[in-house]
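For reference, the structure discussed in these notes is given below.
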Amino acid sequence: MPNGGFCKLPGGSVVVAIGLPSPARDGATVRFLVHAANRARALTRLRNLGLRAVYLRGNSEPPTPDEITAVLHHPDGLLWKSTPGTAQELWHPVRSLPREPAA
């Protein structure tokens, strides 16, 4: 089950942070940050990327203040990072997400 959580902002929108297996199927975990009007819309944005089994149950790992700032200052409002525990890697826009290798 994916780990993650959400934070409701004063304006009514939410930031969802969720850890999922990498779409490149390399065994890595990817942490996604999504800024949207509500939780359902945020999860729909991830499902539209091809991540079909995305569900958020609970609020075990809500976004940190740094993560909220990062996603709010990005024009797309959708970021990812492959190693959530390290500070060396920067957040990437969703356009640069590695895809599953072609068979």
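The values are calculated or read from the model by the stated rules, or taken from the named source; none is laboratory data. It should be emphasised that the depicted structure is a prediction, and the values quoted were computed from it without experimental measurement. Here Cβ is always computed from backbone atoms with ideal geometry, including for glycine, and neighbour counts include all displayed protein chains. For accessibility, only protein heavy atoms count, side chains too; no ligands or nucleic acids. Shrake-Rupley method; radii C 1.70, N 1.55, O 1.52, S 1.80 Å.
Residue 66 accessible area, nearest 10 Å², 1.4 Å probe?
120
Tell me whether the range 26-68 comes out rounded, prolate or oblate; compute the Cα gyration tensor, take square roots of the eigenvalues as a ≥ b ≥ c, and use a/c under 1.5 as the rounded threshold. Please report the intermediate quantities before stating the final value.
Numbers: a/c = 1.56, a/b = 1.10, b/c = 1.42.
Verdict is oblate for the range 26-68.
Please compute the per residue accessible area over the range 1-71 with all protein chains in place, 1.4 Å probe, rounded to a whole number of Å². Don't skip to the end; give the middle numbers.
On the way: 3760 Å² over 71 residues.
Using a 1.4 Å probe on heavy atoms only, each residue of the range 1-71 averages 53 Å².
What is the range 4-83 by shape, rounded, prolate or oblate, if you read a ≥ b ≥ c off the alpha carbon gyration tensor as root eigenvalues and call it rounded for a/c under 1.5, prolate for a/b larger than b/c, and oblate otherwise? Walk me through the numbers before you get to the answer.
Values: a/c = 1.59, a/b = 1.45, b/c = 1.09.
Note, shape of the range 4-83 comes out prolate.
Could you tell me which trypsin sites (Lys or Arg not before Pro) in the range 1-84 are loop residues by DSSP with no more than 11 other beta carbons within 10 angstrom of their beta carbon? Working shown, then result.
Working: sites: 8, 25, 31, 39, 41, 45, 47, 52, 57, 81; in loops: 25, 52, 57.
Here the sparse-neighbourhood loop sites are 25, 52, 57.
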